[in-house]
Amino acid sequence: MNVLILGGDGYLGWPTAMHLTAHGHTVAVVDSYLRRSLCRQENVEPLVDVPNLHQRTALWESIAGHHIPVYIGDLTDWMFVTEVFRRFSPDSIVHYAEQPAAPYSMLNRKAALLTLRNNLETTANIIFAVNQFCPEAQIVKLGTMGEYGTPNIDIEEGWLNVEHKGRQQKFLFPRQAGSLYHTTKIMDTDLLWLYVRMWDLRVTDLMQGPVYGIFTTENRDHEQLYSFLNYDELFGTVLNRFIIQAAAAYPMTVYGKGGQTRGYLNIIDTLNCVRLSLENPAQKGELRIFNQFTETFSVSQLADRVQQVARTLGLAAEIARVDNPRKEAEDHYYKPEHTGLLELGLDPHYLTDDVLAEMIEFALKHKDKIKPEQIYRKIRWNPDGE
Ligand code: USQ
């Protein structure tokens, strides 16, 4: 397949590019470096430096022999979008090109508007470009489990059969997100669903939970090919943060009661889920939705797991219960379905003690680079204006 990866510089975009080329697909990557620029603006940085896309593609070509063209530009700019689609002619598009951080989206009005504009205009441009340049192509879109929120009923895989006053219809499962970022993903799904119905697009929407890890089959021996590993409050996700906190002797920041439960997955499984979705495309006129995670944990359970393993490595790994900077349910029912990707052949990589130990050892190796002041700035989700 000719796969165009939008957001190819990101935590998931870059490993996906390597993974798909290693599996025989032709890949090009597109990115505006938005995440890099927002991190610089907010004075946060990943644990280890990440070379730019030109440098990483050159390195990957020298190691694996796969050439990956790079297009740097802004996908909210229609002229740029048309240039990319004309030059590369994709038959598959992987859409990761969004402002990815919920806490960033809740920082203030400017961050909220940036998230809204970037995410929705990019999605709309991609829909128009596919319809104009490659209407047979499939779109694999990264959504989020956070679209569903934490409802007090079982979460189905995208759709719900509703019976009402003796009649029935299948609808998108009710969505009620907990941040503006997550809400833009709901809006993306609505846009895609509209144009699937209007223009018979072929779409897979992946409702993904928080991802952890950094090692993949392709990057394992090459640290310069690793993804961004953010541990700050804005761009770092919870398990990656706890691992780095344990290595830095910084008490793990469990927000509030710690009962917040989510569906997690190893970065290796993200790559396999995206590849399996591409290799088993949705039909024309189908919006196919998969819930993309392999196991559920509460925040307290994650902290306990990290603590147990870190202690075998001689670390104190204290757990702190801190004020929750977010507004969210801290103790709730959570039972989401997730059979679709398993049926496509996903072979999960679970969160074993070995996986945790390998990550903690990696963080320890780079301990001198950890900046504790980035970890918990108490940025509250009730912004006071600009
Ligand atoms: N949390 C803590 N302590 C921390 C950081 C987070 O207790 O130091 C808690 C949060 O309050 C939340 C849970 O851990 O209840 C998950 O937070 P997170 O920062 O790992 O994940 P989130 O902000 O929800 O967003 C991440 C990704 C996003 C993806 C989403 C999937 O950044 O791109 O869409 O996970 S999901 O959470 O299922 O919506």
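The values are calculated or read from the model by the stated rules, or taken from the named source; none is laboratory data. Remember, it's a predicted structure, so these values are computed and weren't measured experimentally. Positions of Cβ are backbone-derived with ideal geometry, glycine not excepted, and every protein chain shown enters the neighbour counts. Surface areas here come from the heavy atoms of the whole protein model, side chains and all, with no ligands, DNA or RNA. Shrake-Rupley method; radii C 1.70, N 1.55, O 1.52, S 1.80 Å.
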**Request:** Among the residues of the stretch 211-239, write down those that are within 8 Å of the ligand (Cβ to nearest atom) and not hydrophobic (A, V, I, L, M, F, W, C).
**Result:** Glu233, Gly236, Thr237
**Item:** Residue list for the stretch 331-356, restricted to those being surrounded by fewer than 17 Cβ atoms within 10 Å (Cβ to Cβ) and within 16 Å of the ligand (Cβ to nearest atom)
**Value:** Asp331, His332, Tyr333, Lys335, Glu337
**Asked** Taking the stretch 284-330, which residues are assigned to a helix (DSSP H, G or I), within 13 Å of the ligand (Cβ to nearest atom) and of a type in the set (Val, Ile, Thr)?
**Response** Val299, Val306
**Residues located in the stretch 91-117, provided they are open to solvent by 10 Å² or more (accessible area, probe 1.4 Å), within 25 Å of Cys273 (Cα to Cα) and not small (Gly, Ala, Ser)** = Asp91, Tyr96, Glu98, Pro100
**Complete:** Going through the stretch 156-204 in order, the residues found to be among the aromatic types (Phe, Trp, Tyr) and more than 16 Å from the ligand (Cβ to nearest atom) are Trp159, Phe171, Trp193, Tyr195, Trp199
**Asked** Do we find a residue being among the acidic types (Asp, Glu), in contact (Cβ under 8 Å) with a residue 12 or more places away in the chain and open to solvent by 30 Å² or more (accessible area, probe 1.4 Å) anywhere in the stretch 266-276?
**Response** no
**Request:** State whether the residues of the stretch 149-165 include one that is within 29 Å of Leu113 (Cα to Cα) and of a type in the set (Lys, Arg).
**Result:** no
**Prompt:** Looking at the stretch 145-155, which of the residues that are open to solvent by less than 10 Å² (accessible area, probe 1.4 Å) and within 13 Å of Ile186 (Cβ to Cβ) is nearest to the ligand (Cβ to nearest atom)?
**Reply:** Met145
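Residue-by-condition table, conditions (1) of a type in the set (A, V, I, L, M); (2) in contact with a Gly (Cβ under 8 Å, 6 or more places away or on another chain); (3) surrounded by 13 or more Cβ atoms within 10 Å (Cβ to Cβ); (4) without any contact (Cβ under 8 Å) to a residue 60 or more places away in the chain:
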{"residue": "Gly158", "(1), (2), (3), (4)": "no, no, yes, no"}
{"residue": "Pro174", "(1), (2), (3), (4)": "no, no, yes, yes"}
{"residue": "Ser179", "(1), (2), (3), (4)": "no, yes, yes, no"}
{"residue": "Thr183", "(1), (2), (3), (4)": "no, no, yes, yes"}
{"residue": "Asp188", "(1), (2), (3), (4)": "no, yes, yes, no"}
{"residue": "Leu192", "(1), (2), (3), (4)": "yes, no, yes, no"}
{"residue": "Val196", "(1), (2), (3), (4)": "yes, yes, yes, no"}
**Fill in**
Taking first residues from the stretch 141-152 that are modelled with pLDDT of 95 or more and second residues anywhere that are basic (Lys, Arg) and near the ligand (Cβ under 9 Å from one of its atoms), the pairs with Cβ under 6 Å that are 6 or more apart or on different chains are Gly143/Lys185; Thr144/Lys185; Glu147/Lys185
**Request:** Collect the residues in the stretch 242-265 that are open to solvent by 10 Å² or more (accessible area, probe 1.4 Å) and either part of a strand (DSSP E or B) or within 11 Å of the ligand (Cβ to nearest atom) (or both), keeping them in residue-number order.
**Result:** Tyr250, Pro251, Tyr255, Gly256, Lys257, Gly259, Thr261, Arg262
**Item:** Unique match (being without any contact (Cβ under 8 Å) to a residue 60 or more places away in the chain and not charged (D, E, K, R)) among Gln260, Gln283, Gln301, Gln307
**Value:** Gln301
